[in-house]
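Quick one: the structure is below, questions incoming.
Values in this text are rule-based calculations from the coordinates and carry no lab data. Computed from a prediction, not measured in an experiment: that's the story for all the values here. Cβ atoms come from the backbone with ideal geometry, glycine included; neighbour counts cover every protein chain shown.
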Amino acid sequence: MGGSIRLFQFAGIQVSLHFSWFLVAVYQLTSRRHGYISPIWAVYEYLALFGIVLLHEFGHALACRQTGGEADSIMLWPLGGVAFVRPPDRPGAHLWSIAAGPLVNVALVPVFEIIHLVAWQSGAAFRSPDLNHFFEMLRYINYGLLIFNLLPVYPLDGGQILRSLLWFPLGRIRSLQIATAVGFLGGVAIGLAALYMSSIWIGILAFFLISQAMNGWRHAAALAAADNEEKRLREDANRPPVF
Ligand SMILES: [Zn+2]
């Protein structure tokens with residue numbers, strides 16, 4: 001993969017980090033300190049954010065493997081992570097491969113709640129306000145990632161879950177058309193929110209979502225064209241010869 005460094009391999013899945021991650025990390029860490037007394041904690045928090053993202057991506061990749069699909073690489077980049085998964089062409093396989101990511105965040109909720117509670121009860125939270133703030137932020141980051149990923153905005157997980165659910169009654173093409181149209185509108189809404197908040201990061205995210213939704217829409221059109229062509233060829237083959 002261009003512009004990235006290989007970090008490590010786990011269960012045959014290669015984890016890479018895109019170079020742009022470093023630029024954004026430097027920007028994020030210098031522009032805000034997140035209310036820590038010692039700035040090193042902002043670094044720990046930023047790394048923990050991507051650690052949680054990585055666990056989420058492994059959820060996708062391992063679930064995809066379970067369905068008999070292919071998943072051999074995960075890339076971390078400034079907007080989060082991408083697991084390159086190719087589940088078999090069945091709605092159930094797609095649904096499980098996508099849902100497993102947010103389910104990792106659901107599983108992490110009690111973990112972070114317990115860590116936070118133990119820090120309070122043991123008094124560690126009072127001895128180190130930075131440690132306490134860090135544990136509190138882990139909870140918020142995990143909730144934030146869970147809620148954000150479940151937005152029904154294709155290609156976010158929520159949008160792809162919507163697509164997989166629609167696939168059962170409507171088929172793979174119609175479901176993709178509806179999910180990508182909803183995703184496009186959601187991307188536009190997020191873009192307007194970015195303008196309202198004057199946030200360049202949310203703006204970049206909206207741009208990414210809109211372009212991915214449009215790609216998905218075009219992919220649905222290509223699938224429909226391929227289906228029609230196949231149908232036409234089948235009809236031609238079945239047509240009796242005319243003498
Ligand atoms: Zn995901």
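Given the rule -39500 (n - 2.57) for each run of at least 4 DSSP H residues, summed and divided by the residues of the chain, what is its mean residue ellipticity at 222 nm, to the nearest 500 deg cm²/dmol? Provide the component values of the computation, followed by the final result.
Details: 7 runs with 175 residues, N = 243.
My calculation for the chain gives -25500 deg cm²/dmol from helical runs alone.
So what is the orientation-averaged projected area of the chain, using the convex hull of its C-alpha atoms, in nm²?
Working: hull surface 69.1 nm².
The directionally averaged projection comes out at 17.3 nm².
Efficiency by 1/(1 + (r/R0)^6): what FRET value for S20 and S211, r their Cβ-Cβ distance, R0 = 22 Å, to the nearest 0.05?
That gives a FRET efficiency of 0.85.
Let me ask another. When the chain is modelled as a GNM with alpha-carbon springs shorter than 10 Å, which of S175, S128, S97 fluctuates the most?
Fluctuation is largest for S128.
Mean separation of Cα pairs under 8 Å and 6+ residues apart, divided by the residue count of segment 1-152: what relative contact order is that in percent?
On the way: 198 pairs, mean separation 32.2, N = 152.
Relative contact order here is 21 percent.
If each residue's Cβ is checked for other Cβ atoms within 10 Å, how do T67, T180, T30 rank with the fewest at the top? Write out the running numbers ahead of the final one.
Working: T67 18, T180 24, T30 10.
In order of increasing Cβ crowding within 10 Å: T30, T67, T180.
Still on this structure, please answer the following. Which whole-Hz couplings ³J(HN,Hα) result when phi for each residue of segment 35-50 is put into the Karplus expression 6.51 cos²θ - 1.76 cosθ + 1.60, θ = phi - 60°, listed in order with x for Gly and Pro?
x, 8, 6, 9, x, 4, 5, 5, 5, 4, 5, 5, 5, 5, 4, 6
Another one. Quick check on the exposure proxy: order M197, M214 from fewest to most C-beta atoms within 10 angstrom.
Numbers: M197 11, M214 14.
Lowest to highest Cβ neighbour count: M197, M214.
Let me ask something else about it. To the nearest 20 debye, what charge dipole does segment 15-164 have about its Cα centre, counting +1 at the Cβ of each Lys and Arg and -1 at the Cβ of each Asp and Glu?
Values: 8 positive and 9 negative charges, 22 e Å.
Charge dipole of segment 15-164: 100 debye, to the nearest 20.
Going by amide H atoms built from the backbone, whose H comes under 5 Å of the H on L151, apart from near neighbours?
G158
Across the chain, where is the longest run that never hits trypsin sites (Lys or Arg not before Pro) in a DSSP loop with at most 15 other C-beta atoms within 10 Å? Display every interim value, and only then the final one.
Working: sites that count: R32, R33.
The longest such stretch corresponds to 34-243.
Same structure, new question: How high is the relative contact order of segment 1-68, in percent, with contacts defined as C-alpha pairs under 8 Å that are six or more residues apart?
Values: 31 pairs, mean separation 12.1, N = 68.
Relative contact order comes out at 18 percent.
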